[in-house]
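Below is one structure, written out as structure tokens; the observations come after it.
Computed from the coordinates by the stated procedures, all read-outs in this text should not be read as laboratory data. Since this is a predicted model, take the numbers as computed values, not measurements. No Cβ is skipped: glycine too gets one built from the backbone with ideal geometry, and neighbour counts run over all protein chains shown.
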Amino acid sequence: MENGILQKRKAFIGVYGCQMNLSDAERMEGQLGTLGYERTDDMTEADLILLNTCCVRETAEDKVYGKIGEIKHIKRRNPALIFGVTGCMAQKEGEALLRRAPHIDFVLGTNKVHELKAVVEELASKRRRRIVDVFLGDAPLPEDVPIERTGRLSAWVPIMYGCNNFCTYCIVPYVRGREHSRLPEDVVREVEEAAAQGFKEITLLGQNVNSYGKDHRCASFAELLRMVDEVKGIERVRYMTSHPKDLSDDVIAAVKNGRHICPHFHLPVQHGSDRVLKAMNRVYRKEPYRALIERIRAAVPEASLTTDLIVGFPGETEEDFSELLDFLREIRYDAAYTFLYSKRSGTPAATMAGQVADAVKKERLHRLMKVQNEISLAKNEALLGTVQEVLAEGPSRTDESVWTGRTGTNKIVLWQKQGNETEGDVVRVRITQPQTWVLKGELQ
Ligand code: SAH
Ligand code: SF4
Ligand code: F3S
């Protein structure tokens with residue numbers, strides 16, 4: 001202990017779930033910064049612990065409950081610790097979390113990110129002992145929230161909050177509320193600020209970015225993409241997630257004609273059987289999806305294509321599943337994020353007939369991954385000998401001398417560092433060893 005020297009207060013922030021949660025956490029860390037907290041990665045030395053949680057699948061919730069259990073012991077040793085749970089699970093569970101874990105001091109919902117500062121001040125001053133605020137309301141988050149970005153090259157920029165789609169398996173619309181788009185000028189200002197701070201890449205975030213602007217009608221998503229593409233200093237513009245139901249030809253044109261918009265389309269199809277798509281309330285069917293992919297490939301031939309897939313949705317038969325495998329073989333995605341269907345109470349699918357047994361789900365997932373991995377490898381092998389432009393991110397996790405970065409198509413590239421390249425450079429790498437998940441190569 002350094003006697004006499006004012007110790008800075010420390011905050012541990014655990015983030016689960018999607019990029020939207022990462023972005024919210026940056027806005028919460030920004031507020032904690034104004035209160036004098038600095039980040040720590042060690043929960044045991046923290047004065048404040050925040051878990052920004054996810055509940056999209058049961059496994060995500062289990063992880064959080066495990067962490068909440070761990071924190072009980074830390075809190076016992078340090079009763080002054082302030083412990084809060086925020087994010088989607090906080091929104092879903094509310095008060096119930098306190099009953100399950102009385103060592104939690106506050107629970108803040110997804111639409112209360114901006115209230116964190118006031119809540120922590122209240123608790124630190126001991127004016128209140130416990131706070132629960134999960135009122136979802138129907139308003140977008142305020143604009144004036146300070147942001148402490150965690151990345152150094154890549155910045156997350158939310159463009160819309162919430163989801164109106166109600167896919168029958170999904171909890172997100174219930175815990176994130178209705179769609180609200182930020183004004184284009186607010187988005188552009190945030191991108192300009194990130195560029196001024198040295199960020200090279202931005203990812204525009206929303207549950208369904210193609211619905212951007214349908215509420216305020218100030219700009220469509222394609223128009224927003226073009227505005228952001230103009231911001232000086234930004235080398236790469238990415239976005240996620242695109243719902244296939246309303247990806248417009250104008251967005252495809254914006255990507256095709258853009259200067260910095262990455263040729264990568266993440267278009268979650270979820271399934272390859274029309275019967276299952278209908279039961280999922282995914283709105284589109286295989287045929288129009290196929291036609292959309294054709295339009296994308298005709299306009300932007302170099303584009304990569306990725307997807308999300310759910311295996312074991314209620315009622316999925318062996319025949320549906322083999323249709324899904326056939327669809328994968330037909331579309332040939334560069335990569336797929338594959339999930340076992342997880343029952344979320346309160347969603348329509350949770351009470352549908354024909355819930356698939358765990359063992360069957362797992363066996364199907366295994367087969368699915370085998371098919372997709374072969375395709376991913378073949379697609380990467382086709383890049384052997386090509387020279388890729390890679391945004392250098394820095395040393396890889398396992399070896400300081402091996403550097404990592406990503407192509408515009410979002411593929412991870414590894415190469416032996418030569419000496420001159422620095423983080424944020426766009427370097428040229430010749431691909432010499434393509435693998436399923438990464439491309440290994442030599443700096444040109
Ligand atoms: N808004 C995005 C997805 C957000 S959730 C979109 O529509 O594409 C990310 C992924 O989690 C989804 O694409 C889906 O594949 C998966 N997912 C959502 N709910 C799920 C559930 N109950 N069980 C399994 N996977 C789920
Ligand atoms: Fe969930 Fe569907 Fe909304 Fe995506 S579009 S968040 S899968 S309800
Ligand atoms: Fe999870 Fe919420 Fe994102 S449920 S996936 S953190 S929107």
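Things worth noting here:
- Selection from N164, P348, Y37, by position along the positive dipole direction of the chain (Cβ): P348
- Distance from the alpha carbon centroid of the stretch 333-369 to that of the stretch 32-105 works out to 29 angstrom.
- Average silhouette area of the stretch 387-443, convex hull of alpha-carbon atoms, in square nanometres: 3.4 nm²
- The chain - share of DSSP beta bridges that are antiparallel (%, nearest 5): 35 percent
- Counted by neighbouring Cβ atoms within 10 Å, the residues M160, M369 run from fewest to most as M369, M160.
- Fraction of antiparallel bridges per DSSP, the stretch 154-381 only, in percent to nearest 5: 10 percent
- Cα-centred dipole magnitude for the chain, charges only on beta-carbon of K, R (+1) and D, E (-1), debye, nearest 20: 920 debye
- Full-extension gain in nm, R178 to Y337, via 0.36 nm per residue minus C-alpha separation: 54.7 nm
- Ascending count of other beta-carbon atoms within 10 Å, so fewest first, for K440, K72: K72, K440
- P(r) for the stretch 2-133, from all Cα pairs and a bin width of 10 Å, is 13, 48, 34, 5, 1 %, short bins first.
- Lys pairs under 23 Å by Cα in the stretch 154-381, provided they are eight or more residues apart or on distinct chains: 21
- Between the stretch 233-248 and the stretch 314-329, the Cα center-to-center distance that results, in Å: 28 Å
- Extent along principal axes [Cα atoms of the stretch 330-444; Å; largest to smallest]: 60, 29, 22
- Burial order of peptide ranges 416-427, 44-55, 248-259 (average beta-carbon count within 10 Å, highest first): 44-55, 248-259, 416-427
- Taking 0.36 nm per residue of separation and subtracting the Cα-Cα distance, full extension of the segment from E58 to T317 would add 91.0 nm.
- Stretch gain in nm, segment H216-D41, where the contour uses 0.36 nm per residue and the Cα spacing is subtracted: 59.0 nm
- Working note: 222 nm ellipticity from helices only, DSSP H runs with n ≥ 4, each -39,500 (n - 2.57), summed and divided by the residues of the chain, gives -10500 deg cm²/dmol to the nearest 500.
- For the chain, radius of gyration divided by Kirkwood radius, i.e. Rg to Rh on alpha-carbons: 0.97
- As computed over the stretch 120-233, the Cα convex hull volume per residue (Å³): 139 Å³
- Considering every alpha-carbon pair of the stretch 265-349, the percent of pairs per 5 Å bin, from zero through the bin containing the longest distance, is 3, 14, 25, 26, 17, 9, 5, 2, 0.
- Counting every alpha-carbon pair across the stretch 37-92, the share separated by more than 13 Å comes to 60%.
- In straight-distance terms, cross-link reach from K10 covers every one of the aspartates and glutamates whose alpha-carbon lies under 12 Å from its own, apart from those fewer than eight places away in the same chain; here that gives E29, E38, D41, D42, E45, D47.
- For R290 and K370, the FRET efficiency from 1/(1 + (r/R0)^6), where r spans their Cβ atoms and R0 equals 30 Å, is about 0.85.
- Counting neighbouring Cβ atoms within 10 Å and putting the fewest first, the residues T351, T203, T150 line up as T351, T150, T203.
- Note on the stretch 154-381: percent of Cα-Cα distances in each 10 Å bin, starting at 0 and stopping at the bin with the largest distance, equals 8, 31, 33, 21, 6, 0.
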